[in-house]
Amino acid sequence: MKKINFFIVNLFFISSLSAQTMVFNVVEVKAKDFAQSDMVEAYETCCGDMKPNKGGFGIESIGKGSDNGMTHRLVWFWEIGEDLWEGTDIQDKAPLWWNQMNNSIDEWGESYSGRTLSRQKGTNDEYKLTHIWDIIIDDPNQFKDAHDKIVKKFKKEFEGRWVAFGTYDINYPNGATHWVGLSGKDENDHIILYDKLQKQPEFIKLISERGKVENVRDYLVEDIKFY
């Protein structure tokens, strides 16, 4: 097991294109067969009564696009400059939680941290499946400007969806420097949206205005439990 000494990551659910920067930390794991409910129970038993400060913690399953057999992500997220566990006794509870988690996990995978530079709040509770693109870009400011224009221009198409763009700052996964995330109901819902957007010339124009982009990886994650 990799020694994990900090509690934090993947951000989600804030206000539309907010200026407040969120920080996140993700740990990918390979869970034992049928152990997903045990992972949730381990957190409930140890830390379910804790109230994160200006952020939260979540467990997600990884679907298509998973690397190295990883099955789940542990995600911590919080406002930059804040203490996620302010006012809690996390130092007393953390060892118990990690020990219980070890019983449900076969392998600890990559851990990486970053920020969210742009985000639209997800308001539809049915949109639990998120598509994430890991990318390398030449000009982050140019990319963000075009990204925000896309979200604003196609407000109706993105209604109720979590849409975000951000950085990887520590341990770039597979060399990716940035990421884009979009929530939806299921795979079919995502594909229908892409088909609708890609048939519109204005969307294609704005995509090209993001600048040079190298796609490193894309994958699906599904919300299991968030606190």
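Computed from the coordinates by the stated procedures, all read-outs in this text should not be read as laboratory data. What you see is a predicted model, and the numbers here were worked out from it, not measured in a lab. Backbone-built Cβ (ideal geometry, glycine too); neighbour counts: all protein chains shown.
For N103, neighbours were defined as the other residues whose beta-carbon sits under 14 Å from its Cβ, and their charges (Lys and Arg +1, Asp and Glu -1) total -3.
Overall, the ratio between the Cα radius of gyration of region 118-223 and 2.2 N^0.38 Å, rounded to two decimals, is 1.03. Can you give the net charge of the other residues whose Cβ lies under 12 Å from the Cβ of T45, counting K and R as +1 and D and E as -1? Computed value for this residue: -3.
Per-residue extension of 0.36 nm, minus the Cα-Cα distance of Y194 and T123, leaves a gain of 23.6 nm for this segment. Farthest toward the positive end of the dipole of the chain, out of I90, T130, A42, is the Cα of T130, where the dipole comes from beta carbon charges about the Cα centre. Our note on the geometry: Cα centres of region 151-203 and region 73-104, 29 Å apart. Pairs of C-alpha atoms in region 22-226 farther apart than 29 Å represent 27 percent of all such pairs. Straight-line reach from K30: taking Cα to Cα under 30 Å and skipping same-chain neighbours fewer than 8 places apart, the lysines in range are K2, K3, K51, K54, K64, K93, K121, K128, K185, K225. For the pair N103 and I204, what calculated FRET efficiency results from E = 1/(1 + (r/R0)^6), where r is the Cβ-Cβ distance and R0 = 45 Å, to the nearest 0.05? The value I calculate is 0.35. Local charge sum around E209 (other residues, Cβ-Cβ under 10 Å, Lys/Arg +1, Asp/Glu -1)? Neighbourhood net charge equals +2.
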